[in-house]
Structures are given as C-alpha cells and as structure tokens.
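None of the figures in this text is laboratory data; all of them are computed from the coordinates on show. Just so you know, these numbers come straight off a predicted model, no measurement behind them. We place every Cβ from the backbone using ideal geometry, glycine too, and count neighbours over all the protein chains shown.
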There are 2 protein chains.
Amino acid sequence: MNPICKLFGIKLPIIQGGMAWCSGWRLASAVSEAGGLGLLSAGSMTPDLLREQIRKVKSATRRPFGVNIPLMNPNAENYIKVCLEEHVKIIFTSAGNPKKWTARLKDAGVKVAHVVASARFAAKCEEAGVDAVVAEGFEAGGHNGKEELTTMCLIPAVRRVLKSTPLIAAGGIATGEAWLAAEALGADGVQIGTAFAITQESSAHDDFKRLCVTLDESSTMLSLKQLSPTRLVKNRFYEEVVEAERRGASNEEMLEMIGFGRARRGMLEGDIENGELEIGQAVALIDDIPTVAELMRRLVADHDKALSRLSPTHGHSIHSTKALVEAE
Amino acid sequence: MNPICKLFGIKLPIIQGGMAWCSGWRLASAVSEAGGLGLLSAGSMTPDLLREQIRKVKSATRRPFGVNIPLMNPNAENYIKVCLEEHVKIIFTSAGNPKKWTARLKDAGVKVAHVVASARFAAKCEEAGVDAVVAEGFEAGGHNGKEELTTMCLIPAVRRVLKSTPLIAAGGIATGEAWLAAEALGADGVQIGTAFAITQESSAHDDFKRLCVTLDESSTMLSLKQLSPTRLVKNRFYEEVVEAERRGASNEEMLEMIGFGRARRGMLEGDIENGELEIGQAVALIDDIPTVAELMRRLVADHDKALSRLSPTHGHSIHSTKALVEAE
C-alpha cells in the first residue's frame, strides 16, 4: 500500500496544499471527499475562524483532513491550541523549525508533516520525528526556499537523505503526468497547490481564478528575495516590488509595501492589479476552473495514461536495457 | 520505435550536452559508442580545432555524432562551414534564431535540433522546420533562459505547443529516475550535461571534476542575470560577480570581468576559485567520476528499475483509478 495513503488513511496520495485565501472548508472537504487529503490554511485565518472552519469541514466530510500551520506566524501557538481542542488528527507545519512542535503534537496523537525546500532541512525533519516530509521546489507558488532547488533536483536529493520517512513532492505538479514524474523521482505522494487554487471550491476570488486561466509561462517570477522569496504573478503590484528592490528599498519599506493586506486584497477580494497574487509556474498548464472532483478524475486518468504510455508493451522502455547490450 | 532514436539513428534516446571545455572528441565518441548521441561543443573551439575534433571523433567511432553551435558566437558561420565540409550529419543549434540556419542545413542533409527555454520559442523552432526541440529548464548548468521555467513545468508546456516535432528534455537530468520523469512529462529523450561533464572522458580539468563530486544542493546559483542568465558554482569568481551586480556595475564592466578567459581558466585549466565554473543543480546527486560506459549503464539500469517500481504489479499505480472509484 502507498505509504502516504496508509499514513493518513486516504485513497489517493494527493494532498491539497494549504494556501492562504484559497484553502477554506469548501476546498478541504471536497478534496477529502474525493479521496485525497484536504488541508485548511490557518495562516490567513484568526484562531476563531480556524475553529469555525474545522467544524465546517467535519460536518461536510467524515474523511481525514488536516490543517496547515506556518510556524513563523504570530498566531502559530493559538492555531495549534485550536487544532488540539478540535481533535484535528493531521497537521502540516511549514516556515519554521520542525523540532519546536513535532514531539508535542505526536504525543497528542496528531500525524505531523513538515514542508522543506532542501535536503538539509529534510534531514532535520526526520530527526525531529515527523511522519512525512513535503519537499517543495522553486516552481511552487507563494513562499519558497532560498536555495532555488527545483522539484526535479530536490526530490531525489531529499529521497537520498531520508531513511524511512514518506516523501511528498510539491512544486510544479498540476497534472497526472507531473504526479507520475514525481513518483519516478522517488516521491510517495504529491502536494498540489496551484491546480486546487483554481477550482470551483477554492475560496479565492473568481477574478483571481479567471485571471489564472489566462496566464502563461512568462506570468510568474520568484521575487521578494530580500525578505522571503515568494513566487508572484507579474501584475502591477509585482512591478512595484521590482521597482522598490531596484532602488534599494529597506526591509522595513518592503514590509510596509507588501503588508498582510496585499495578499488578501489580491486573492480574496479580487484586486488583480494591486493585490499580491501567489501562484505556481504550472499555472501555464491550467485552462479552466473545474470542480475538485473533476480535477481529481483528470489527475488519476492522466497519471494512469502516462504510465501506460511508458510501459514496456508500448515499445519504449523495455528496449533500453536491451539497446544498451546491443550497443556494447 | 523511440522518435529520437529513429531520427538520429541511435540506440538510446540520450544526448550528451555540448558543453564548452567539456565536450571534446573523447567525450562525444564515448557517448556515441555507448549507444547515445555525443556532441562536440564548437563554442569553446576555433574553427580549425573543431575540424580536427570532428576528424578525431570519426576515427574513434563509426556511430552518429553531432556538433553543438551557439548561433550568437561570432564564429557561428565558420563552424557551420566546417561542419558541412566535414560532412557532419547532426547539428544542435542554441542561443539564437532557429530560422537563420535551419533550412540551409536541412537542404544540405543535416538533421537539426535547436535548444529553447520556453514554449514560445519551441513553437518558433517548429515553424523553422527543426527536426527536434531541446527544452532546457532553469536547473541546467551554464546559459539559461530569462523566464526561469523549470524542467517540470517547461516540458509539458512545450509538449502542448509542438505538433509533431520530437522533444528532448534537458535540465536537472543526471539519473535514470530523472530520465523516466522527463518521459512521464512528455519528452521523447533527454539531453544530459552535468553528469557527462563529470566523466573520465570529459575534457574538463580533473580539479573541476573533483570539486563537482563534493558539491551539494546549495553549491550553484543562476546568476549574471543582467547580461545573460548563467548557472555557476558559488566560488570566489561567483562572489565577485554578485558583488559587482550589487554595486550596479555596467554591462561593459561585467563583460570585462567575466570575459572569454574566465570559463576556460576554471573548467579547462582547473582554477576552481577564480575561474567561471558552469554546472547544473543536479551536481548534488553526483558522487564519483565514472567512465561514460559506466554512466550509461547506470542510467539505463536506474531508469528501468524506476519503471518497475511504478508498475501496477508493484502495487501503486494500478490502484489509483480503482481508488478513485471507491472514493466516489
């Protein structure tokens, strides 16, 4: 049995990324209902709202779900308190030290996954005793690592350092083909952000979703490297950021400029020019706004089709060993 | 039959990247002898040296080989003249407009592949009538695209725009698992640079190869973005580049600083501190300096092993469609 499915008690090793302003109870419960693992994103909620959202997911599905908590968030401890009080069984932590909370959460019977962007931090996660590691590449939307490691290079590097911990690949995975590619690289499952942000159940503003459908390969860029690398849509807000960096703006100026409100304004309120819009490079591959159930069906169908295409009976791969022998 | 193997008359759809200071006759002929396609890198040779190297490859192997020509190089036209005079049958062009030479080369019976870093340029290649497209992601060593598209996102995007042209994936591919991942994403074959640069037959300096074996995931960075994005090893030379960019050095200053000699000094002469060292992110996965034949054996064995691991009988993938049905 797939180790990610076994760990979380789910049917498909597909985790929906916990994305600020996108991942509310509608999205999380729809993903869990469809056989994956839905996650609420605590980062863009107050602790009270998180409690309400947890209760709503529970009334919408009896299947496993989880909560994503960015550990650097000033509310991190309160989020964890709410999760424990509400008997949340799965927590994905990110942006912080996995040693801080993992043991306490596991003592409380919670399964813990931590998000990293390098093999070095993946090894620290295993030391901290996490149940799974999410390794997220440079192509991912939103917050990102400083090493700029792509999913293609990161996943095998993380696989090599992990002794036994299950590995979830993230970054650039929006299709069944990319899911299969991640498995080829050594991942047990995938975390998908961008594609779930652009579903009907995502709580992002419709104008943001509609914009995403029109975006292409040149529409995003990793920016804000001075503060904390973040992949953004190249809209007017992005141009402001680039201009401020060019003139050598201080961290304080930058912080004021981006502020907490800018992402809300873009993704929740739909100000697609002046808001901060976080989305991954794989947005170039997305052409419509499906339901979660439809997206899951496509992921599975495309994954299995790609696998058949590669299979020996289709004439490609069985020949490689033979071809080498012939060549020698 | 695999379309890349058919196109070039080779046994394995593995192309060795044409890398300045690495890809001389020893490397190219060893790759071709092992069943892949070896390429000479014209960019770091005089036209006379290129002629000599072509003759040496021909006396070392009767199998197909090719020459990589960067079209922006001031010697590009002379390289092409030499290739035609020496009856080279395969040319990979890069860094320039594929419309300039493709038709003339094809009229002369040459198979032409062109290297791109975006789907937009891939479509232009097909219009220009190339025989194959190489799509190279952000993780690749050396010269790189401005859009910063990773292999994971670039390959499916290019696959979607190409009507019938065979597709070769490049960037971050140093293992059989990554080769399989590239196939899952829709590539017909792969171009491998970094792993071949670090073989016994590579003409790079031994000190450079030995350094590469020690590098890890934090050892390279895409830099020189102001001039022409290039992935470099973070040595003393790299620090000089970063410092010059920080103080707002002009393009002229930057050009003088990097000059033609710096890459030669690093990769051919082995000055690993003050020379310009180009290598891909996948260098983190390389632990020794094998022969080309040994590297090819590993690529094939790891590719086929990864494919077996994913196959339905191993319990993972056959279940996804079934699992979805169960979940519904």
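Tabulated values for the structure
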| item | result |
| --- | --- |
| For residue B:200, label point 7 Å along C-beta direction: distances to other copies, nm | 6.2 |
| Column: log10 I(q)/I(0), Debye, Cα scatterers of the range B:127-276, q = 0.13, 0.16, 0.18 Å⁻¹ | -0.67, -0.95, -1.10 |
| Per-residue HN-Hα couplings for the range B:191-197 [Karplus 6.51, -1.76, 1.60; θ = phi - 60°; Hz; x = Gly/Pro] | 10, 10, x, 2, 5, 6, 5 |
| Table column - 3J(HN,Hα) (Hz), the range A:121-137, Karplus curve with 6.51, -1.76, 1.60, x for Gly and Pro | 6, 4, 4, 5, 4, 5, 4, 6, x, 5, 7, 7, 10, 9, 10, 10, x |
| Prolate/oblate/rounded label for chain B (Cα gyration tensor, a/c 1.5) | rounded |
| Per-bin percent of Cα-Cα distances, the range B:120-171 [5 Å] | 5, 22, 33, 23, 14, 2 |
| Loop sites in the range B:1-67: trypsin sites (Lys or Arg not before Pro), DSSP, at most 13 other Cβ within 10 Å | B:62 |
| Shape metrics for the protein assembly as shown, restricted to C-alpha atoms - Rg then Dmax, Å | 24.6, 79 |
| Sites residue A:46 and residue A:6, calculated FRET efficiency, Cβ-Cβ separation with R0 35 Å, nearest 0.05 | 0.55 |
| Sequence-distant residues sharing a close amide H with residue B:93 (under 5 Å, placed H) | B:69, B:113, B:114, B:115 |
| Under-5 Å amide H pairs with residue B:277, H placed in peptide plane, nonlocal only | B:233 |
| Calculated FRET value between residue A:240 and residue B:85, using beta carbons and R₀ = 45 Å, to 0.05 | 0.25 |
| Under-5 Å amide H pairs with residue B:66, H placed in peptide plane, nonlocal only | B:38, B:39, B:40 |
| Rg to Rh, two decimals, where the range B:19-164 supplies the alpha carbon set and Rh follows Kirkwood | 0.96 |
| Shortest-first distances to equivalent copies, position residue A:246, nm, label 7 Å out along Cβ | 2.2 |
| Computed [θ] at 222 nm, deg cm²/dmol, the protein assembly as shown (DSSP H ≥ 4; -39,500 (n - 2.57); rounded to nearest 500) | -12000 deg cm²/dmol |
| Tail beyond 16 Å, pair distance distribution of the range B:206-282 (Cα, percent) | 45 percent |
| At 7 Å out from Cα toward Cβ: residue A:226 inter-copy label distances (nm, ascending) | 1.6 |
| Between the range B:231-260 and the range A:18-86, the alpha-carbon center distance in angstrom | 46 Å |
| Residue pairs, from the table B:58/B:106; A:100/A:163; B:89/B:124; A:11/A:124, whose Cα atoms sit over 26 Å apart | A:11/A:124 |
| ³J(HN,Hα), Karplus 6.51/-1.76/1.60, whole Hz, each residue of the range B:48-57, x for Gly, Pro | 5, 5, 4, 4, 4, 5, 4, 5, 5, 4 |
| Inter-chain shielding of B:152-165 (mean C-beta neighbours from other protein chains, 10 Å cut-off) | 5 |
